[in-house]
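One structure is given below, encoded as structure tokens.
Bear in mind that the values in this text are calculations on the coordinates, not laboratory data. As the structure is a prediction and not an experimental result, all values here were calculated from the model. Please note: Cβ atoms are built from the backbone with ideal geometry, for glycine as well, and neighbour counts cover all protein chains shown.
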Amino acid sequence: MKTNTKAYIALIFVCIVWGTTYLALRIGVMHFPAFLFAGVRQFLSGIILMAVALFANRKVDTSMRNILRQMLVGFLMLTIGNGLVTWGERTIPSGVAALICSIMPIFAVLFNLAISRRDRFNGMIGGGMFLGTLGVALIFRQNISDLSNKAYLFGVFATMVATASWALGSIVNKKNTDPVNPFFNSGMQLFFGGVFMLMISPGIDDLSHFDPWNREGLIALIYLIIFGSVLAYSAYMYTLSKLPVGIATIYAYINPLVAVVLGYFVLNEPLNLYTVLAFVAIIISVFMVNKGYRMQHNSSLPVNKAKAPDAFPETLPEVS
């Protein structure tokens, strides 16, 4: 089998599996405390990924600077990012969570615009942001009655904060342009993110009715560890090494669709015209913002050196 064919198969695997993680999270938090559930998942995933990475490449960067960097990225992307999405899915449908998380590249562009002197706002970015805001509004148009529910609002707010934190963590992570062993670093991010969530869990989670042997919850946990974190992440890294980043990151357009459809068929979550319009609006907005970000870089660099950075993060890209 040709290398490119394998890479496309890996990309299809990523698109489907990362779309299913929202459903698995929703099932998991129906039975387990949210931060405990997410913490155990990322803690064990980190150990597995570090072990595999160490087996494949014994050379690792164990300097305090690198460890602190991975701790920070793990806290932003996993503890806050993944942890709050998991916590939010206690009260909002998995499809709604997926649609909110799909605007993550927009947050990434906004952070880049805020912290980089050479990044500039343009009409394409502005139009994409407006369309993305419209898409989010359409999500809530179908759930207008739920907005009076404080628990629902807290879930939406938590997912928004999680999405922004994931984008910020992605930017911090990309600053390390020459990692010694990126797989091992990613394992450390998962590990530390999980440790922080386990530390937070006793103060946030309600453990009074926790049933650790619930069958559905355990299946969801095992699925997320093996498929959602270890296998899908490894497949994504392989895809990135073989295909252009612009192709490898199309998962961002497909994941929300998979999540919304699965939520409808498996958990009877609402799926109507507003859901479809919200999905279309958000996906187009993400494309416009990313294109606008590339355009303003291409216009500011010499023609022979013009290469716009990608607004999409290149590592650990699934918020769920």
Completion exercise
By the mean-Cβ-within-10 Å protection proxy, highest first, 81-92, 220-231 rank as 81-92, 220-231
Practice task
Work out the FRET efficiency for I48 and L134 from their Cβ-Cβ distance, taking R0 = 51 Å, and round it to the nearest 0.05.
Solution key: 0.80
Practice task
Please find the FRET efficiency linking L68 to Y8, where r is the Cβ-Cβ separation and R0 is fixed at 30 Å, and quote it to the nearest 0.05.
Solution key: 0.20
Completion exercise
For 235-241, 258-264, 54-60, ranked highest to lowest by mean beta-carbon neighbours within 10 Å, the order is 258-264, 235-241, 54-60
Exercise for the section: Alpha carbons only, please: Rg and Dmax for the chain, in angstrom. Expected result: 19.0, 63
Exercise for the section: Based on the mean of other Cβ atoms within 10 Å per residue, sort peptides 162-174, 127-139 so the most packed one is first. Expected result: 162-174, 127-139
Problem - With eigenvalues of the C-alpha gyration tensor scaled by 5 and rooted, the stretch 21-175, Å - result: 29, 24, 11
Problem - Helical mean residue ellipticity (222 nm; -39500 (n - 2.57) per DSSP H run of 4+; nearest 500) of the chain - result: -23000 deg cm²/dmol
Handout entry: Sorted largest first, extent of the stretch 132-289 alpha carbons per principal axis (Å)
Key = 51, 46, 27
Fill in the blank from the handout: Taking the stretch 1-76, the equivalent ellipsoid from its C-alpha gyration tensor has semi-axes in Å, biggest first, of 25, 25, 11
Practice task
Run the numbers on the chain and let me know its relative contact order in percent, using alpha-carbon pairs under 8 Å that are six or more apart.
Solution key: 41
Practice task
Would you mind telling me which residue in I247, I80, I100 has the biggest mean-square fluctuation in a Gaussian network model of the chain, where springs connect alpha carbons within a distance under 10 angstrom?
Solution key: I247
